[in-house]
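Colleague: This is the structure, below, for whatever I ask next.
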Amino acid sequence: MQTLANILATSNPPLVDFKRTLDIVDEQLQAGRIAQPLDLLFEDLRERREEDPQDWASYARSCLGHPLRSLLHQDPFTYRAFAKPRGYAGDAVMMDYIYGLGEAGAAARGASPLGRAIFQHMDTRPSAKAVRYRRRLLARLVDQVAGRGGSSVLAIAAGHLREVELSQAVRTGKLQEYVAFDQDEASLAVVAHDYAHLGVRTMPGSVRQILAGKAQLGKYDFVYAAGLYDYLGEAAAVALTRRMFEMTRPGGSMLIPNFLVGARDTGYMESFMDWHLVYRDHADMQSLVNALPRGEVADCRIFDDPDNTITFLLVSKVAVVSVPTERSC
Ligand SMILES: C[S@@+](CC[C@H](N)C(=O)[O-])C[C@H]1O[C@@H](n2cnc3c(N)ncnc32)[C@H](O)[C@@H]1O
């Protein structure tokens with residue numbers, strides 16, 4: 001039997017007929033094969049999106065009209081993104097599916113055997129690995145800030161704030177203040193339930209309120225917004241970056257992650273998940289830094305996760321040398 005890999009490798013032009021690809025993946029999933037057809041589907045959709053941007057939107061829509069959709073939507077992760085029970089894809093419950101926390105176990109148990117197998121395979125994809133990397137990085141940075149004597153952290157778009165579980169500084173009570181800010185009150189209720197005993201405080205509010213000056217959040221040694229910029233257009237991203245930097249204490253730092261242009265799972269996300277992010281490259285991240293007061297930026301780094309799926313902008317602020325206010329002469 002010809003495998004999907006063979007068909008895709010030998011076809012000329014390189015992309016076989018769109019419907020035929022979906023038919024083959026459908027057949028293979030029904031035959032109980034999971035990893036290879038799914039990975040090739042992800043790759044095929046990525047290539048189509050990159051090589052044929054003009055027709056991509058209509059390709060993506062036609063995916064949802066193919067019977068393969070009913071198989072892929074048995075995966076709780078794919079289906080939740082598509083169904084958007086909180087009004088948007090990528091809510092904190094979905095992040096828990098990636099972290100294997102919260103409702104992840106119940107979702108797996110409630111799925112069909114095929115859905116469960118696809119769900120497990122989603123964990124191996126670069127986007128899931130990058131999101132887990134982001135969580136570990138956040139916890140490491142919180143610990144570094146605490147190690148340098150910092151005592152306060154602000155998480156904007158905190159979701160369920162799962163990084164606190166990995167932070168030694170939080171567990172050992174080294175921080176005086178850890179604020180979780182999010183517009184989703186159901187997510188903040190989970191944070192309060194799970195982490196209030198660790199000293200975490202929740203604050204409901206939206207980016208819009210921050211930008212309008214209606215959310216007075218204070219100043220912190222570390223300010224970050226994980227999984228938020230992927231939803232912000234240019235103007236809001238620049239304005240929020242300025243506000244986050246204002247909320248960063250002298251000597252403190254801020255972190256802004258964003259899914260990278262060219263991330264390998266984008267085609268699948270935009271088609272079967274109907275999950276559309278704002279992707280940024282290094283130049284885009286640099287332009288966020290360029291919007292900051294130059295004299296106040298002590299250091300700035302832009303780096304990616306090991307699978308080149310999420311890029312991170314880490315900016316530190318100069319420590320102000322205290323100047324006596326009274327004239328000495
Ligand atoms: C992808 S989740 C990320 C959650 C968490 N930071 C993480 O990394 O797991 C996105 C979060 O951003 C929040 N969010 C999205 N848009 C927002 C806005 N305009 N203002 C405040 N929060 C927002 C959502 O409620 C959600 O909890």
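A short reminder: the numbers here are calculations on the coordinates, not readings from a lab. Everything numeric in this text was worked out from a predicted model, so none of it was measured. For neighbour counting, all protein chains shown are included, and Cβ atoms are generated from backbone atoms with ideal geometry for every residue, glycine included.
Colleague: Can you list residues from other chains, or at least 5 along the same chain, whose modelled amide H is less than 5 Å from the amide H of residue 220?
Modeller: 248, 249
Colleague: Evaluate Rg over Rh across segment 77-122, taking Cα atoms for both radii and Kirkwood's formula for Rh. Walk me through the intermediate numbers first.
Modeller: Working: Rg = 9.9 Å, Rh = 10.6 Å.
With Rg and the Kirkwood Rh in hand, the quotient comes to 0.94.
Colleague: Which of 295, 205, 100 moves the most in a Gaussian network model of the chain with Cα springs under 10 Å?
Modeller: Checking each option, the largest mean-square fluctuation is seen for 295.
Colleague: Using a 10 Å cut-off around each Cβ, can you sort 63, 300 from fewest to most neighbouring Cβ atoms? Intermediate values should be presented prior to the final figure.
Modeller: Values: 63 24, 300 16.
Ascending Cβ contact count within 10 Å gives the list 300, 63.
Colleague: Modelled label-to-label distance, residue 59 and residue 261, 7 Å Cα→beta-carbon offset: nm?
Modeller: 1.9
Colleague: For residue 246, put the label point 7 Å out on the Cα→Cβ axis and report which residues of segment 289-308 keep their amide N under 18 Å from it.
Modeller: Flagged as within label range: 289-297.
Colleague: Let me test this: with uniform point scatterers at the alpha carbons of segment 219-260, what is the Debye-based log₁₀ I(q)/I(0) at q = 0.14, 0.15, 0.28 1/Å?
Modeller: With one equal scatterer per Cα and no solvent, log10 I(q)/I(0) is -0.30, -0.34, -0.96.
Colleague: Taking N as the number of residues in segment 127-317, what value does Rg over Cα atoms divided by 2.2 N^0.38 Å take? Mind showing how you got there, number by number?
Modeller: Details: Rg = 15.8 Å, N = 191, 2.2 N^0.38 = 16.2 Å.
Dividing the Cα Rg of segment 127-317 by 2.2 N^0.38 Å gives 0.97.
Colleague: Report the calculated FRET efficiency for residue 282 and residue 50 (r = Cβ-Cβ distance, R0 = 22 Å), to the nearest 0.05. Before the final figure, lay out the partial values.
Modeller: Working: r = 18 Å, r/R0 = 0.82.
Computed FRET efficiency for residue 282 and residue 50: 0.75.
Colleague: Say R0 is 56 Å: what FRET efficiency, to the nearest 0.05, do residue 318 and residue 103 get from their beta-carbon distance? Don't jump to the answer; show the numbers that get you there.
Modeller: Numbers: r = 43 Å, r/R0 = 0.77.
Efficiency, rounded to the nearest 0.05: 0.85.
Colleague: How high is the relative contact order of the chain, given as a whole-number percent (alpha carbon pairs under 8 Å, six or more residues apart)?
Modeller: Working: 498 pairs, mean separation 53.3, N = 329.
Reported as a whole number, the value is 16 percent.
Colleague: Percent relative contact order of segment 64-105, based on C-alpha pairs within less than 8 angstrom and at least six residues apart?
Modeller: Values: 22 pairs, mean separation 9.0, N = 42.
With pairs under 8 Å counted, the relative contact order is 22 percent.
Colleague: For residue 214 and residue 171, calculate 0.36 nm times their separation in residues minus their Cα-Cα distance, and state this gained length in nm to one decimal. Don't skip to the answer; put the middle values down first.
Modeller: Details: separation 43, 0.36 × 43 = 15.48 nm, distance 3.19 nm.
Result for the pair: 12.3 nm of gain on full extension.
Colleague: Going by C-beta contacts inside 10 Å, put 273, 203 in order with the fewest on the left. Don't skip to the end; give the middle numbers.
Modeller: Values: 273 25, 203 17.
In increasing order of surrounding Cβ atoms, one gets 203, 273.
Colleague: Would you compute the Debye intensity of the chain from its alpha-carbon atoms alone, equal scatterers and no solvent, and pass along log10 I(q)/I(0) at q = 0.10, 0.11, 0.16 Å⁻¹ to two decimals?
Modeller: Here the Debye-derived log intensity ratios amount to -0.63, -0.75, -1.34.
Colleague: Does anyone have the angle between helix 113-122 and the longest principal axis of the chain? Alpha-carbon axes, 0 to 90°, nearest 10?
Modeller: 50
Colleague: Sorted by mean Cβ packing within 10 Å, highest first, what order do the peptides 149-157, 229-237 take? Provide the component values of the computation, followed by the final result.
Modeller: Values: 149-157: 21.7, 229-237: 17.2.
Packing proxy ranking, top to bottom: 149-157, 229-237.
Colleague: Can you tally the lysine pairs in the chain where the Cα-Cα distance is under 30 Å and the two residues are eight or more apart, or on different chains?
Modeller: Number of lysine pairs found: 11.
Colleague: Here's a follow-up. Relative contact order for segment 187-329: what percent, with Cα pairs under 8 Å and sequence separation of 6 or more? List each step's numbers first, then the result.
Modeller: Values: 192 pairs, mean separation 33.2, N = 143.
Computed over segment 187-329, the figure is 23 percent.
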